[in-house]
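This report refers to the structure that appears directly beneath it.
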Amino acid sequence: MDFLAGNDSFVPLTDAVALEELRHSAEEHASNSVIIGDLYYDLNQKEGKHFYLQSDDSIAYYRPQAVVLGGWEMIQHLCARHIRHEIERGFARSSSIVRKDLASIKEAETLAEKNLIIYLKFAEASKGKPSHIRNFLFIPVSRFLKKGGGIYFPSCNLMDKMKDPILYGLQSAKRNPETMTAWTQMMLAVTNFSATHMQDCRVSAESPLKLLQAEKTELRDVIEEPQKTKSASKIKFGSKARK
């Protein structure tokens, strides 16, 4: 997160998982061409679409496209994609708790609050970045807020928390009607949810961007999958995905 924000002077490359992820990224992207996802609004399903997690925990885009990026742009994009992937896994984890046991809703809400904190810090780090990075801020809220929709949000005024990420997205979409509609739809869904969930929550992105050790530990607890043998998230694309 700090590295994406440009504060790389204190980002240590000693984390084995991070180094493994970096190595795999280098293998996948030996050239300066990378697959990104085009954010758009699906008129048939009436929802914005960007990416989704496949059954093997890999990212797949609804509208994948190859683009050529410079070296630094490539690093920032891969960094943003990795962070968004971890956030998605965190929300999926909190949702799975509720689906398995409705009595554990408090536990799920606590995890969701932590996930939202990381998302808000990610939004701050993405500020001013190109649209292919800011598109990772998009969350198809209208679908996920439905019963059994797949992601569990904390019961708080989401509009107050998510207005800045949505504004960042809208700024990058002014020349693309489909993208603009998707971000607007997200804003309306968040607003409607906030109108019916006025309970306060502890979510705040005002703490320094650099994660404290306690926050790193909490984030690791949130995103860890049950299978402990997995050394790093391997993000694959389409039929040519790495095994």
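Can you pull the one-decimal nm distance between simple spin-label points at Gln171 and Thr196, each 7 Å off the Cα toward Cβ?
For the pair Gln171/Thr196, the computed spacing is 3.2 nm.
Could you sort the peptides 59-65, 77-83 by per-residue average Cβ neighbour count (10 Å cutoff), highest mean leading?
77-83, 59-65
What does the charge count around Lys163 come to, taking other residues whose C-beta lies under 14 Å from its C-beta (Lys +1, Arg +1, Asp -1, Glu -1)?
That works out to -1.
Starting from 0.36 nm per residue, how many nanometres of slack lie between Asp2 and Thr184 once their C-alpha separation is accounted for?
Details: separation 182, 0.36 × 182 = 65.52 nm, distance 2.85 nm.
Computed gain between Asp2 and Thr184 is 62.7 nm.
Taking the simple approach of a point 7 Å from Cα along Cα-to-Cβ for both Lys100 and Gln45, what is their distance in nm?
2.6
Throughout, read-outs are computed from the coordinates displayed, never taken from laboratory work. None of the values given here were measured: they were computed from a predicted structure. Positions of Cβ are generated from backbone atoms using ideal geometry, with glycine treated the same way; all protein chains shown enter the neighbour counts.
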